[in-house]
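Enquirer: Let me begin by handing over the structure; questions about it come next.
The values are calculated or read from the model by the stated rules, or taken from the named source; none is laboratory data. Computed from a predicted model, the values in this text were never measured in an experiment. Neighbour counts run over all protein chains shown; Cβ positions are idealised from the backbone, glycine included.
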Amino acid sequence: MPVIVPDSLDAALAALAAHPGATVLAGGTDLMVEVNDGRRSLAQVVAVSRVPELAGVRVVGDRVVIGAATPFAQLEAGTVADLVPALAYAARTVGSPQIRNAATIGGNLATASPAGDSLPVLVALGANVESAGPNGRRVIPIADFFTGPKRSALQPGELVTAVHVPVLRGHQDYLKVGVRNAMVIAVASLAIAVDLDARRIGVGLGSVGPTPLAAPDACAWIAARANWRDDGFEVSEADALEFGARVAAAAQPIDDHRGTAQYRRHAVGVIARRALRRCAA
Amino acid sequence: MTEKYVLRVNGNEHPVADGWLGESLLFVLRERLGFPGAKGGCEQGECGSCSVLVDGTLVCACLVLAAAAIDSEIVTIEGLQPNERGAMSDVQRAFVESGAVQCGFCTPGLIMAVHALLERDATPTDLAIREAISGNLCRCTGYGRILDAVEVTVSARRDVPQ
């Protein structure tokens, strides 16, 4: 069968093992664009949307475990919105309602576009990607997952099965710059997550480098400068500005048809400062 | 070529033979099964003109791999119409009466989006309506009369519960 629709994870992995080079189909919102445009031809497809092990959101200890085939529409509200608000905000900016009903978080990871809307959040939170493949299951820290534009650490025959997101106490936010509010690819985006218990601030940057990026130096600097309380923190106006400049310095943007490198670096610095101010408010 | 497969569209089973792998649900609906209601605008999920329901969920048919949509309940604009020839659903009638239809190309997709919205939220706020149709592009109306048509439908359903 040129299109296999397995009903278990084992069946999906067996299909991928039996058909090296098979194309994995999740929500289809990236893949089918390439197919319709004639940029991609298909020989063998393994559609993973009906694999029950990849479905659903559950809370395990101090983490939220999100099945790879969970569509963004399910991340906009409910458990994820309650426990990982930045991910819900990001989910709501993905494409349109039609796209969010189909597109999955596992697809966002496996496609590994630098503009993937959920990816800055996973970077800011230090999420772990769970995968399964011919060599068994493994957990890949998000910092090691992206290896280049649309390239990831996934091996042939390996599937993203879930993403493990820590539940933190502290403000979170997600800002995205694009030409309008709906149906837009980020020109620059940024997620921020505050960990009040560890007194840490994490950010993830989208569309300003070959992969989603972290900005560890800027984050360590602002966490050391902040005036922490049990329920929040304060930063000076000058430090917020300097934080924006340091985040902008961590970007590695390029010029393309959506914006210039100079604009992207500027924009990501502005939204970093704005996000920090919102967290400190 | 794909092997023969069966799609369930508007409650009936439709075998698809001699399809090519990679054909979208939109293509198969329009060109192989005779459901031309869903329109092909952009074929990249931007315009929403091909919106259909798959297992009750609004999606762009152009982004669904047809051969992977087996065992799903697919509903197209043709499936929303009452059985009598020429009859319209309440949303369709409200669109016509509100002047929400100009060239008509986006209309089937918008009608599907509005039906999907009102299924899950019978009294949506203005923001909820705008967000629900944010994936459907209309280049004629400026959207004002489309929003009016949704309000008309909501009021009518409130007065005469379905």
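Enquirer: Out of everything in segment B:1-17 that is under 22 Å from B:GLU43 (Cα atoms) and over 24 Å from the mean Cα position of the chain (by Cα), what residue ends up being farthest from the other protein chains (Cβ to nearest Cβ)?
Expert: Checking each candidate, the answer is B:MET1.
Enquirer: Let me ask something additional. On the given criteria, is A:VAL57 touching a strand residue (DSSP E or B) at 6+ places or on another chain (Cβ under 7 Å), in contact (Cβ under 8 Å) with a residue 40 or more places away in the chain and either outside the structural domain of A:GLY95 (by TED's automatic domain parsing) or of a type in the set (A, V, I, L, M) (or both)?
Expert: no
Residues are listed down the side, and each one gets a yes or a no for (1) outside any loop (DSSP other than H, G, I, E, B); (2) exposed (fewer than 14 other Cβ atoms within 10 Å of the Cβ); (3) in the same structural domain as A:MET183 (by TED's automatic domain parsing):
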{"site": "A:ALA223", "(1), (2), (3)": "yes, no, yes"}
{"site": "A:TRP228", "(1), (2), (3)": "yes, yes, yes"}
{"site": "A:ALA238", "(1), (2), (3)": "yes, yes, yes"}
{"site": "A:PHE243", "(1), (2), (3)": "yes, no, yes"}
{"site": "A:GLN252", "(1), (2), (3)": "no, no, yes"}
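Enquirer: Let me ask something else. If I ask for residues that are touching a strand residue (DSSP E or B) at 6+ places or on another chain (Cβ under 8 Å), of a type in the set (Asp, Glu) and either at the interface with chain A (Cβ under 7 Å from one of its Cβ atoms) or assigned to a helix (DSSP H, G or I) (or both), which ones from segment B:18-70 would you list?
Expert: Selection gives B:GLU43 alone.
Enquirer: Ok, one more. So how many residues does segment A:112-153 have that are assigned to a strand (DSSP E or B) and touching a Gly at 6+ places or on another chain (Cβ under 6 Å)?
Expert: Residues in segment A:112-153 being assigned to a strand (DSSP E or B) and touching a Gly at 6+ places or on another chain (Cβ under 6 Å): 1 in total.
Enquirer: Given the structure, is A:ALA68 surrounded by fewer than 24 Cβ atoms within 10 Å (Cβ to Cβ), within 25 Å of B:LEU21 (Cβ to Cβ) and in contact (Cβ under 8 Å) with a residue 12 or more places away in the chain?
Expert: Details: surrounded by fewer than 24 Cβ atoms within 10 Å (Cβ to Cβ): no; within 25 Å of B:LEU21 (Cβ to Cβ): yes; in contact (Cβ under 8 Å) with a residue 12 or more places away in the chain: yes.
The answer is no for A:ALA68.
Enquirer: Out of all the residues in segment B:104-117, is one or more among the small types (Gly, Ala, Ser), at positive phi and free of Cβ contacts under 8 Å to residues at least 24 places away in the same chain?
Expert: Checked segment B:104-117: at least one residue is among the small types (Gly, Ala, Ser), at positive phi and free of Cβ contacts under 8 Å to residues at least 24 places away in the same chain.
Enquirer: Here's a follow-up. Any idea which of (1) free of Cβ contacts under 8 Å to residues at least 24 places away in the same chain; (2) exposed (fewer than 14 other Cβ atoms within 10 Å of the Cβ) is the one A:HIS266 doesn't satisfy?
Expert: So A:HIS266 meets the others, but not (2).
Enquirer: Another question, if that's okay. Do any strands (runs of 3 or more DSSP E) lying entirely in segment A:1-85 carry at least 1 residues that are within 14 Å of chain B (Cβ to nearest Cβ) and under 30 Å from B:ALA132 (Cβ atoms), and which ones are they?
Expert: Hits in segment A:1-85: A:23-25, A:45-47.
Enquirer: Is there a residue in segment B:126-139 that is of a type in the set (Val, Ile, Thr) and out of contact with any helix residue (DSSP H, G or I) (no Cβ under 7 Å at 6 or more places or on another chain)? If you could, list the steps in order and put the result at the bottom.
Expert: To start, the set of residues in segment B:126-139 that are of a type in the set (Val, Ile, Thr) comprises B:129, B:133.
Next, only the ones that are out of contact with any helix residue (DSSP H, G or I) (no Cβ under 7 Å at 6 or more places or on another chain) stay: none.
Checking segment B:126-139: not a single residue is of a type in the set (Val, Ile, Thr) and out of contact with any helix residue (DSSP H, G or I) (no Cβ under 7 Å at 6 or more places or on another chain).
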